[in-house]
Amino acid sequence: MSTTSLPSVAGSRFTGARALGLLLRSGAVVALVAACIFGAMRYYAFATPENVVNVLRQNSMLGLVALGMTFVILTGGIDLSVGSLLAVAGVVAAMLSTHGSLPAIAGGLGTAMLLGIVNGVLIAKVRIQPFIVTLAMLIAARALALAATAEQSVTVSPDASALSWLGRGELGPVPLPVALLVLAYLIGWTMLRYTRFGRYLYAIGDSEDAARLMGLPVDRIVIATYALSGALAGLGGIVLAARLGAGQPVAGTGWELDAIAAVVVGGTLLTGGQGGAGSTLVGVLLLGVIFNLFNLEGTISPWWQWVLRGVFLLGVVIVQGRLQRRLTHE
Amino acid sequence: MTGAAPPALLRMEGITKTFGSARALDGVDLTLRRGEVHALVGENGAGKSTLVKIMTGAYHRDSGEMWLDGERVDFDTPAQAQAAGVCAVHQEIHLLTHRTVAENVYLGREPRRWGFVDWRRMNHETGALLAGLGLDIDPRAVVGTLNTARQQMVAIARGVSLGAKVLVLDEPTSSLSPREVTILYDLVRRLKAQSTAIVYISHRFDELYAICDRVTVLRDGRLVSSHDLASLDRLDLVCLMLGKSRDALRAGTTAFGEQRHAPAASLTAPQPPLLRTEAIARGSRLRGVSLEVAAGEIVGVAGLLGSGRTETARAIFGAAPSEQGAVYLGGRRLDPQSPDDAIAAGIGFVSEDRKAEGIIPELSIRENLTLAALPMLTRFGIVSRSRQVEIVERFMRRLGIKAASADQRIRELSGGNQQKVLLARWLCTEPRLLILDEPTRGIDIGAKGEIQALVNELAASGLGVLMISSELEELVEGSTRVVVLRDGRSVAVLQGDEISQQAIIHAMASERAPAAQDAAS
Amino acid sequence: MTGAAKPARVAAPPSPPAWRRLVPGPAYAAVAALGVLVALNALFTPNFATASNLWNVLLQVSTVVLVAVGMTLVISTGGIDLSVGSVMAIAGAVAAVLLDRGMAVALPAALIGGTLVGVLNGALVAALRVQPIVVTLATLIAGRGLAQVISHEGELVTIDHPGFALLGRGHLGPIPYQALIALASVAAGVFLLRATPFGRYVLAAGGNPAAARLAGVPVQRTIVSVYAASAFLASVAGLIVASRLGASDAAKIGQNMELDAIAAVVVGGTALSGGRATVLGTVVGALIMQVIATSFNMLLVPYSWSLALKAAIILLAVYLQRPKRV
């Protein structure tokens, strides 16, 4: 008896599940391609290098924040504090910029990461729900940014040229924030797919109990994930401060919502364990392109744009929910 | 095989564990030898799963000692236990359902090349491992798309690949078909030949005697004894588990008594039955169940796991409505599409999963008990507190619900008392038909008897009862008739003297049991 | 508070005294905290214990209480409503735009318009089983935009209507109308939870939806109702704020209200996991947050410090209430 054959009910189900899963994952890509084709056909200004670079640059900081959010959501958690951490990092970097670029960048990143670690410890060790911990951090970190700056924006010192370069420099035709974005997603994608840490994020999001029973250091991974989310939000904040030439304590208000929206639209499920960096990049770009189309159209007021954005998010989530349910019912 | 005792692989001595004020384990010893299959048996609450969790690092013992390969060991986490070679495959299989077989097998120690996960090698080695165990499973398949049996095999394969010296199988066959069970046996024998020690937890005596070498019996957190299984007959084993003498066991074991074997008077009368289903079907699990329940009758439903017992109940109650066939209540067609329809028609349903589908844990006994009857207790949109209190007191007294007060949260009660509250939830709606799915599962002996007596009394007062049970004694002694299901179909109806454990087992298992054929018409 | 695996069958904890039952479980700690806060402030904050200041606290807290009562219902079904702030803005905008046609048109229209958002939330959560956080996030975004669209594409619509102004500035004797409205909403919340089937259904749906469905509880209808109630109360709060401001500022009204309301609910002792609710606890929670904000303001402590303290209190409250496990 070499191989025993089990009743193979799974066979037909598997391909069906695969097709649905593919649709679930690639729906956002299809939408993005369709939006781009529509834009290119309707507006002369859409498919120009300037416009493309513009869209990418405008969305690069949100993209960084959303990447961190992706890691967190893959574990089944949520990070509401990213907008505030972004502000803290920008403010700290601006304040330290008189000492040079390196202390500024390291200080900004380090502070945001440290606050992310605080999130992670409270979630993993003290066992308070992510929603509450990061809600409290949203408030507390904003308070920190306001207190540190006496509620004024802090100018980035002109001496910190490397810091300014982060926000305003270019690599050939590519603005530096865009290069950073691409680099971050490349690393993020590789990490999720090819490193143990990345695989463990999926495992924890799939079933924390199972991951624990299979011997994964769940607490350490969760803490590292929130640290990473904090650091990426911090990076976004530093780039933003560099672009604006000032660290603003009110920067990034409401960005947690935009980041969550981008992650969800991309196809990563809030329940954890399914999705990835590529999906989120597609989600960020899709939302960015739609906004760009609104602007090119010119007749849609910003207020209607908000309405449409909300409606769009709802539509995506409803379709996803249906597909997902079909998938699990099969 | 049972001659000279091989040296101990794992030894546990004087293991004690306390939860709050309850002592779950009290000085339990266990010795596992290389290459043996060791059965761990005991009634609910005996302490089997606590012992296993301590062995595999999920719980930490309060006192006692543990040796593996002659060395003292102390596991703080499942990871440590696994690293030392002690693995568990739990009843509710703990795998990552959205990930592939290979990822699950190698989780925590993925093969890497230059620091990156080497997917090709991982898939390849998993394939080799599975083939080596005689399993035909694609390493790239997502675990959630596999059936339960295959998932179980994957979990075992993971244990094997971890180099497990001790493998714990907790109720491994609870959701397997007979054919899949033989595959599992093959696998267990293979591992045994490789001198792995296997702890086998099961309630099914056939399995224990088919596959196990020795048995350790626990009762109420204490060690009763360890034996070679070959020298212990079944009745002795049951006696050890229940803590009874052989003579005591011969008498009836349930509180139903024997009197119900006579068909109820209503059966012979020409009035229409209270409940009648005509070939109800839904999906692949429920494929044509026809049965009848008369007022004042207890109709038992028997069948193996997966035979469509629970699905039948849920279809009659409208929780998972039937797609084909018909449900008649009191001669009128009902076909409930939701529980509301069924409740309004006078049907109550006590689910088999008390925790997930029965109690509302944070609410008081009073609110839990009156939940289904609220519409009747409400006047002008306000719940009448006095009527509520009156009903709750009446039923707490009548059913002997033991609690500090009606305000106590239901989650603080014992399983038996919770079950009584859930019964009362339906009784106070004054139903015509009550569907009970495993009414005495996981309940201590005392409460079990009380519930059985109560069901009997209710039927005597004219209520129709449809009772699903996997305990054959309960069906045999409690039912006026027994409907036997197999593969989603009703295959036999036994009544009067035809009802016996043997007849039921025959009908459940065999394709053509002569007795069943006659009765099914 | 037993969390043990096997509670004793007969020996159960004695039933708590009546005064403890009024504010069940964890809310007890919140009441104590509020008492200590008020006492400390009365001693050390100049002018804190004056009538005018206390009325001021009441005035400030009333809109948060309104919204938080609805949030308590939503959270006790295991959900969350992030859209309350946007609903406030919508109600304010609708009223401001329609006030020319009289209060009889403007007020019902505003309340109905706001409540409809809640019905939409509830329907999506209940029928399509989309997670509440995503649904209400989407309506938060879309609702804010809608409020702007309604107020003539983002204008600040000033309101000049003496009757409407009473809502936010009028008094009945010494008591501001808005405090009375908030009080009425609290009374209604307590009544609903204690005396009506609906209250039981809310707790049952939050505590164990599968069991509730099998017991005949109309789970879907209950969920739609709580989101509708939350949106209705938020609409009332939106009208009050618009009246107080004398204008509908669609960008500002209700901003971050969801955070304040969730904080009040959580500090008050309602578990985020659902199945338990204490409306009175929520009121205490809202008062704690408001007393901190007011006293810090009076002591000239920077705003940011009061934010930081709020965050710490939320964490502490949840930490103290976390379920104890073996």
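Derivation of every value follows stated rules applied to the coordinates shown; laboratory data play no part. Since this is a predicted model, take the numbers as computed values, not measurements. Note: ideal-geometry Cβ built from the backbone for every residue, glycine included; neighbour counts use all protein chains shown.
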Taking the Cα centre of chain C as the origin, how large is its charge dipole in debye, to the nearest 20, when only Lys and Arg (+1) and Asp and Glu (-1) carry charge on their Cβ atoms? 1500
Which values, in whole Å and largest first, are the semi-axes of the equivalent ellipsoid of segment B:8-250 obtained as the square root of 5 times each eigenvalue of the Cα gyration tensor? 32, 21, 15
Say the dipole of chain A comes from +1 at the beta carbon of Lys and Arg and -1 at that of Asp and Glu; which of A:Ala141, A:Tyr202, A:Val182 then lies farthest toward its positive end? A:Tyr202
Within 10 Å of each Cβ in C:311-320, how many Cβ atoms from other chains are there, averaged over the peptide? 5
Would you mind ranking A:Met137, A:Met113, A:Met69 by Cβ crowding within 10 Å, fewest neighbours first? A:Met113, A:Met137, A:Met69
Count the DSSP beta bridges whose two residues both fall in segment B:8-250, then state the antiparallel fraction as a percent rounded to the nearest 5. 60
For peptide B:360-366, compute the average count of partner chain beta-carbon atoms within 10 Å of each residue's beta-carbon. 6
Exposure proxy ranking, count of Cβ atoms within 10 Å, fewest first, for B:Arg121, A:Arg199: B:Arg121, A:Arg199
Which of the DSSP-defined H helices in chain C satisfy a minimum axial length of 18 Å, computed from C-alpha atoms, and a minimum mean Kyte-Doolittle hydropathy of 1.6? C:27-44, C:51-76, C:84-98, C:103-127, C:132-150, C:177-195, C:279-298
Take every Cα pair under 8 Å in chain C that's 6+ residues apart, average their separations, divide by the length, and report that relative contact order as a whole percent. 32
Could you pull out the chymotrypsin sites (Phe, Trp or Tyr not before Pro) across segment B:283-381 that fall in loop regions by DSSP (anything but H, G, I, E, B) with no more than 11 other Cβ atoms inside 10 Å? B:Phe380
Take the Cα atoms of chain B, find their three principal axes, and give me the spread along each one in whole Å, biggest first. 73, 52, 48
Under unit Cβ charges (Lys, Arg +1; Asp, Glu -1), what dipole magnitude, rounded to 20 debye, does chain B have relative to its Cα centre? 780
If one takes the longest principal axis of the Cα atoms in chain B, at what angle in degrees, from 0 to 90 and to the nearest 10, does the Cα axis of helix B:178-193 lie? 30
Among all stretches of chain B without exposed GluC sites (Glu not before Pro) (DSSP loop, at most 14 other Cβ atoms within 10 Å), which one is longest? B:324-510
Calculated from DSSP helices alone, with each H run of at least 4 adding -39500 (n - 2.57) and the total divided by the residues of the protein assembly as shown, [θ]222 nm to the nearest 500 comes to -18000 deg cm²/dmol
Could you give the alpha-carbon Rg of the protein assembly as shown over 2.2 N^0.38 Å, rounded to two decimals? 1.01
Rounded to 5, the percent of DSSP beta bridges in the protein assembly as shown classed as antiparallel: 60
With no solvent and one equal point scatterer placed on each C-alpha of chain A, evaluate the Debye formula and give log10 I(q)/I(0) for q = 0.10, 0.12, 0.15, 0.16 Å⁻¹, two decimals. -0.61, -0.86, -1.27, -1.39
When A:Phe38, B:Phe75 are arranged by how many other beta-carbons sit within 10 Å of their Cβ, fewest first, they go A:Phe38, B:Phe75
Whole-percent pair-distance distribution, where bins are 10 Å wide, for the alpha carbons of segment B:188-235: 22, 54, 23, 2
Relative contact order (%) - chain B, alpha-carbon pairs under 8 angstrom, separation at least six: 14
What percent does the relative contact order of segment A:28-329 come to when contacts are Cα pairs within less than 8 Å and at least six residues apart? 34
If each Cα of chain C is one equal point scatterer, what is log10 of I(q)/I(0) from the Debye formula at q = 0.06, 0.12, 0.14, 0.15 Å⁻¹? -0.21, -0.84, -1.12, -1.26
Which of B:Lys17/B:Lys420; B:Lys48/B:Lys165; A:Lys125/B:Lys420; B:Lys165/B:Lys448; B:Lys53/B:Lys192; B:Lys53/B:Lys355 exceed 31 Å between C-alpha atoms? The answer is A:Lys125/B:Lys420; B:Lys165/B:Lys448
For peptides A:150-160, A:228-238, C:93-103, sequence by mean Cβ density within 10 Å, most packed first: A:228-238, C:93-103, A:150-160
